[in-house]
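FYI, it's all coordinate maths here, none of it is from the lab. Please read these numbers as outputs of a predicted model, since none were measured by experiment.
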Amino acid sequence: MEAVFMKCQLASWRPPEVISPLQVISLTPGELVSDRRRYDQYRTIMRSCQEDGLFMNQGKHDAFFHCLLTKVFFTLAEDNLLISSALRVCIGPDCHVEYVMTHPKFRCRGAATNTVAALLAQSRYDRIHIARLYCDPAKVGFYTKLGFAAEETFCR
């Protein structure tokens with residue numbers, strides 16, 4: 001399986017011009033687990049992405065999810081329903097963006113753009129220098145619009 005390594009220099013990062021008016025929140029994994037309704041919604045998004053073949057490594061997700069330096073960002077629909085999420089794992093002055101997921105019913109509406117843009121804005125505020133991620137080659141355009149640049153392509 002081919003993957004692309006991308007990074008975003010946060011000192012020069014600017015938010016995308018088009019951001020939908022959906023609300024974005026962030027929680028620690030502990031806060032998410034203690035809010036049963038939101039945690040159930042998060043698991044629903046994860047299951048739907050697994051069914052679509054977009055999310056396959058449950059063990060890696062669980063390891064990141066339980067890391068103390070992880071923060072989860074969510075985009076909410078008008079009825080407070082979680083519709084998109086992304087994990088941020090801080091490693092020194094950098095962070096990794098992992099598991100960007102959007103519920104199938106809400107794809108192509110700006111939810112993932114909002115989620116990742118909020119994650120990057122908060123990361124810059126938190127004085128993180130570089131955001132990194134690995135993505136499918138088909139997603140390079142999406143992440144490029146958010147300020148990431150492709151560094152290398154490799155097979156996993």
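Details
- For the chain, the relative contact order comes to 40 percent (Cα pairs under 8 Å, sequence separation of at least 6).
- Only helical runs count toward this figure. For the chain, summing -39,500 (n - 2.57) over DSSP H runs of n ≥ 4 and dividing by all residues gives -9500 deg cm²/dmol at 222 nm.
- Radius of gyration and maximum dimension Dmax of the chain, Cα, Å: 14.5, 41
- Computed from Cα atoms alone, the Kirkwood hydrodynamic radius reported for the stretch 79-156 is 13.4 Å.
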